[in-house]
Amino acid sequence: MKPPAFEYLAATSVEEAVAALAAGDGEAKVIAGGQSLVPMLNFRLLEPALLVDINKVPGLDFIEPDGNGLRVGALTRHHALETSELVQARFPVLSEAMRHVAHLAIRNRGTIGGSLSHGDPAAELPMMAVLLDATLVLTGENGAREMAARDFFEGALATALGDDELVTEIRIPALPAGSGWGFEEVAQRSGDFAMAATAATVSFDGAAAGEVRLALMGVGEVPLRIDAAETSLSGSMFDETAMDQAVAAVDDAIDPMSDLHASADYRRHLAKALTRRVLQAAWQRAKGERP
């Protein structure tokens, strides 16, 4: 199929882009990499009156240190995030997750801001933003505002982004020193959307686990942090009892759906199995062991 007719604007500044979005009154969409938007246009799932292309907007393509954390511009491509030495050094779990995003051709075009704005519950980057306590900078006609990633995703393909706003920056705070990490996902074929995925970070204070983070995707309408599991593991030595409690907390927190790719029961099984794997891998890395 072919997309419906639309007007097109190649914006050259953030101000020009948000002014066009505001004038569009909900009938304008931002296009950057186009890896999600263009298929939806071709299938007539969206029929915007205006596409605002932000690829020529300067200053939105960067990966920079922010203390021991990171600042990432919204036009940064997935492949840049995957291969950045700075990301690999500070957030190896993020580099690993980016290797699972579709195929190389898509990673070369798809943008960080686009993936977050799209809010697909089976996409890796929204889950990573939630896991890493990222803050999104949203810029509109009234200026910029900041929002925690955990508050940004409201449902399947639904976010808190206003009609006149675009994501301009992502800020990721530093992890505790020496944090270990784990990432696992299951898809029918390499490059497919995951049926379920989990990611974790764990710090170790020399005696027991310190901060624990656990996130899942593909098992609900938004990426999830499992607070009860994190609380049960913090201060533990990751023994079988603690792990069983964490897995039970995951089982209680998720609400997977059935579709053509997997049943709800299978997604629940995957979530629990992958949770054990990522937590064990993160714990071993935190202790300096090889998972």
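Odds and ends about this structure:
- Residue in the range 149-159 that is surrounded by fewer than 17 Cβ atoms within 10 Å (Cβ to Cβ) and either in contact with a strand residue (DSSP E or B) (Cβ under 6 Å, 6 or more places away or on another chain) or within 21 Å of Ala286 (Cβ to Cβ) (or both) present: no
- Matching residues, the range 203-243, being in a loop (DSSP other than H, G, I, E, B) and not aliphatic (A, V, I, L, M): Asp205, Gly206, Gly218, Gly220, Glu221, Pro223, Ser234, Gly235, Ser236, Phe238, Asp239
- Only one of Val93, Val87, Val101 that is under 16 Å from the mean Cα position of the chain (by Cα) and outside any helix (DSSP H, G or I): Val101
- For His261: the one exception among (1) modelled with pLDDT of 95 or more; (2) over 13 Å from Leu279 (Cβ atoms): (1)
- Within the range 117-127, not a single residue is charged (D, E, K, R), farther than 21 Å from Ala262 by Cβ and at pLDDT 95 or above.
- Residues that are in contact with a Lys or Arg (Cβ under 6 Å, 6 or more places away or on another chain) and either buried (at least 17 other Cβ atoms within 10 Å of the Cβ) or assigned to a strand (DSSP E or B) (or both), drawn from the range 1-39: Ala10, Gly33, Gln35
- Gln280 within 16 Å of Trp181 (Cβ to Cβ) and over 20 Å from the mean Cα position of the chain (by Cα): yes
- Conditions (1) under 30 Å from Ser234 (Cβ atoms); (2) β-branched (Val, Ile, Thr); (3) part of a helix (DSSP H, G or I); number of the one not met by Ile106: (1)
- Cβ pairs under 9 Å, 6+ apart, first in the range 268-291 and aromatic (Phe, Trp, Tyr), second part of a helix (DSSP H, G or I): Trp283/Leu233
- Assessment of the range 128-145 against the conditions (surrounded by fewer than 24 Cβ atoms within 10 Å (Cβ to Cβ), under 29 Å from Val202 (Cα atoms) and among the polar types (S, T, N, Q)) yields at least one matching residue.
- Residue satisfying all of: in the range 244-254; touching a strand residue (DSSP E or B) at 6+ places or on another chain (Cβ under 8 Å) and assigned to a helix (DSSP H, G or I); surrounded by the most Cβ atoms within 10 Å (Cβ to Cβ) among these: Ala246
- Subset tally (residues that are surrounded by fewer than 14 Cβ atoms within 10 Å (Cβ to Cβ) and modelled with pLDDT of 95 or more) for the range 40-61: 3
- Only residues that are under 20 Å from Ala105 (Cα atoms) and assigned to a loop (DSSP other than H, G, I, E, B) were counted in the range 40-61, giving 3.
- The set of residues in the range 273-291 being among the charged types (D, E, K, R) and either out of contact with any helix residue (DSSP H, G or I) (no Cβ under 8 Å at 6 or more places or on another chain) or crowded, with 17+ Cβ neighbours inside 10 Å (or both) consists of Arg276, Arg277, Arg285, Lys287, Glu289.
The values are calculated or read from the model by the stated rules, or taken from the named source; none is laboratory data. Just so it is clear, the structure is predicted and the values come from calculations on it, not from any experiment. Neighbour counts are summed over all protein chains in view; Cβ atoms, including those assigned to glycine, are modelled from backbone coordinates with ideal geometry.
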